[in-house]
Amino acid sequence: MATHSGFYWAFLSAIFAALTAIFVKLGVQEVDSDLATLIRTAIILLVLVAFVMLTGKWSNPLTLTART
């Protein structure tokens, strides 16, 4: 089952990477490339935080050991 799960996540990753490229071409034609990168990064960060919290995998980063 782990193989299928890995394939599922890899497939979703490829789809979202393709969508990102398409949206970049459509949406940021007249925006500075550095600003566009900042906006995309902020959106990805928000989505990732939501995903981690919704899946119950969030832990306080301040409690992690220095080795981590």
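Bear in mind these aren't lab numbers, they're just calculated from the coordinates by the rules spelled out. Since the structure is predicted, the reported quantities are computational estimates derived from the model, not experimental observations. Because the Cβ atoms are built from the backbone with ideal geometry, glycine has one as well, and the counts that use them run over all protein chains shown.
With Rh defined as the Kirkwood radius, the inverse of the mean 1/r over Cα pairs, the Rg/Rh of segment 25-68 is 1.20. Between helix 2-27 and the chain, what is the angle of the helix's C-alpha long axis to the longest principal axis, kept within 0 to 90° and rounded to the nearest 10? Orientation of helix 2-27: about 30 degrees from the principal axis. The trypsin sites (Lys or Arg not before Pro) of the chain that meet both conditions, a loop assignment by DSSP and at most 16 other Cβ atoms within 10 Å of the site Cβ, are 57, 67.
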